[in-house]
Amino acid sequence: MGRVRNWIAKLSIRQKLVFYSYAIITPILFLISILLLVHNYRSAVKNEEDRCIQNVRNISDSISVVQKNIMEMGTYISINDEIRQILTADDPEGLNRDARLWLNRAPMQIIQDMVAIDGQIKSVALYPENGINPYLNCIDRSSSYLGDIGQVREQEIYALAVQEKGKFLWQRVGRGQNNQYDTYQANQNDKIVMYREIYDMARRNKLGYLVIGSSADIFDEICRNSLRGRQESVVVMSEYGAELVRCGDIEEELLSEMIAEKAFEPMSGLPVQKGIRGNYRIYQCQDEETGTVIYEIVRRVGWKDLSDTVIFAPLALLLGFLIGLYPVLLMVSDIVSKPLHTLRVAMENFKQGDFSQKVEVMTQDEVGEASACFNRMVDDIRELIDKNYVLAIRERESELDTLQAQINPHFLYNTLDSLYWKATESENDEIAEDILSLSQLFRLVLNRGDGIVTVQTEADLLERYLHIQKMRFGKRLTYEISLDRDILEEEIPKLILQPFVENAIVHGFESTEGSYTLSVIGVKKEKNMVFRIRDTGVGMSGEQLEAIWDKADTRKYASQRIGKYAIRNVRERLALIYRKDYELKIESSVGCGTTVTIVVPCGLKEIRQNEH
């Protein structure tokens, strides 16, 4: 580390800027690249999952539309009154004599027209359970139905339709598939076939067996169009486990496990469930009306599959940024290093501003010299502010906070004088004296002169203030002002005694009902003046005394015995004027009153002259 520091110390400002910039920026950019890489991977996986979820929902919706068209046809046939009259007829032999029975007594021509317009349905068969000849119609001319319902009853799908009592059942019938379990005698095209047993209104008696065959091409096309590549496959199953469509390459073992698995994970807020089998994600969606289940099998996305967007892009961004950063840093370093020789002149002109901090001198180069100059300037300005600017501000704030009726004091004086003469003319001497005291108090407080006054002036102000309070509280208030003659002409900061007297009355006496005594004593002790303000008020607890100087919480003791802001204001003004040559002490206990002691040096006039 020592060698590295020595090597860095020998570098120029330009070289240091480039070195530190790379030292700081490179780890940050590397971390950003890693975070970007992880974010891209998660986003890619999430987008792929969202796409698969939407895809399986689209497949389910599209197939559901096709199946519902067939179901609507089956429902129309099942509930038609004319067809149900044939299915419930008691004279099957008589009806069978009519070769055109279904066309003459049932709306089969309408059904044939509907089938022709739709183009999707390829065959319709209706087998009555009462012995009437079945209605058989194969539109594609490439298939033919079994003509005997006895053969139809031997089929497994027939038994399941009877068991389900009117539900729609689905299965796929392949080309050339013609065994005892198929309704077709011959079938030249793949079909998705719907089966349904028709019952009476009470669902007790079987009326007929309905079979509607639809071309499987549209189902296959929906599934094929949804596939994006060889990594995906789709399987469509009926509610009872019959495979209707299979698109894409899928292992039979995986398909068996997938169909047997019942515990698919529900997707929050979606009719889609998700499962994982090895390297495959399986998305399942079942339509509530048709019962058809759609499975989409997708190979799980890995880092290798997303190398271009996930890995190469962030790394290329990191490398390109580091290379492109070098000329920028060289240009910035030139801009920073060349103007440093003018920094000292700029700082000298900047002394008019507000400075509250220092710069640590770390090096001996141009920046170090400028930092040392800046520190010296801060010290000079702070001393200047302490002597003049802050003192002036505190004095003005004290005057403004003490009395707020400063907008037009002459109007106030004239009004009080008028009231005084009216009281005198009315021979009400007591009220006249009170008004005169109030007027003199305002004249002492509201003057816009210097913030330094004589002790005699401060004593007059206290006398007028206490006289007014005496008028308010009567015999309950007793006060004494005793000041040595030696200190009456000495100067002190204006309003350093009055705030304590006011707080003593307002917070120590105002809320009580008994009598109250207040004394203000000022004596000269060696080269100092000692002022003590004693009262017999409610006093303060130790916690309240400690909280007076606490700056952390300005509201907790806002209504306590002594106002925290007033005391801080007096202390700050004393500190600005006398530096460390003063003392401010408060002693109190609950129920025993409070004593405030202020000690300041004599000769403030000489101190101020020496400073100027």
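A short reminder: the numbers here are calculations on the coordinates, not readings from a lab. A quick note: this is a predicted structure, and the numbers were derived from the prediction, not measured. With ideal geometry, Cβ positions are generated from the backbone for all residues, glycine too; neighbour counts draw on all protein chains shown.
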Check your understanding: What's the exposure ranking of Ser62, Ser43, going from fewest to most Cβ atoms within 10 Å?
Key -> Ser43, Ser62
**Study point:** Qualifying trypsin sites (Lys or Arg not before Pro) in region 458-548, DSSP loop, other Cβ atoms within 10 Å at most 12
**Key:** Lys527
**Study point:** Cα gyration tensor shape of region 474-611, rounded if a/c is under 1.5, else prolate or oblate by comparing a/b with b/c
**Key:** oblate
Study note, to complete from the structure: Note on region 49-299: alpha-carbon gyration tensor, axes a ≥ b ≥ c; rule is a/c under 1.5 for rounded, else prolate if a/b larger than b/c, else oblate; result prolate
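Calculate the dipole size of region 474-611 relative to its Cα centre from +1 charges on Lys and Arg beta carbons and -1 charges on Asp and Glu beta carbons; express the result in debye to the nearest 20. Intermediate values should be presented prior to the final figure.
Details: 22 positive and 21 negative charges, 42 e Å.
Roughly 200 debye for region 474-611.
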Check your understanding: What list of ³J(HN,Hα) values in whole Hz, one per residue of region 572-578 in order, does the Karplus curve 6.51 cos²θ - 1.76 cosθ + 1.60 (θ = phi - 60°) give from phi, with Gly and Pro shown as x?
Key -> 5, 5, 4, 5, 5, 8, 9
Study note, to complete from the structure: Ranked on Cβ counts within 10 Å of their own Cβ, fewest leading, Thr183, Thr597 go Thr597, Thr183
Exercise for review: Calculate, in nm to one decimal, what Val65 and Arg277 gain on full extension: separation in residues at 0.36 nm each, minus their alpha carbon distance.
Suggested key: 73.3 nm
Point to revise | FRET efficiency for Leu319 and Asn225, using Cβ-Cβ distance with R0 set to 51 Å, rounded to 0.05 | key: 0.80
Exercise for review: Identify the GluC sites (Glu not before Pro) of region 452-507 meeting these criteria: DSSP loop state and at most 14 other C-beta atoms within 10 Å of the C-beta.
Suggested key: Glu489
Practice item. Starting at the first residue of region 512-524, write each ³J(HN,Hα) from the Karplus equation 6.51 cos²θ - 1.76 cosθ + 1.60 with θ = phi - 60°, in whole Hz, x for Gly and Pro. Key: 9, 10, x, 7, 8, 10, 9, 10, 10, 10, x, 9, 9
Review point. Dipole size in debye (nearest 20) for region 452-495 around its Cα centre, Lys and Arg Cβ +1, Asp and Glu Cβ -1?
Key: 580
Review point. Listing Phe509, Phe473 from the residue with the fewest other Cβ atoms within 10 Å to the one with the most, what is the order?
Key: Phe473, Phe509
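Of Lys68/Lys191; Lys68/Lys206; Lys122/Lys167; Lys525/Lys605; Lys470/Lys527; Lys46/Lys68, which pairs sit farther than 25 Å apart, going by alpha carbon to alpha carbon?
With Cα atoms farther than 25 Å apart: Lys470/Lys527; Lys46/Lys68.
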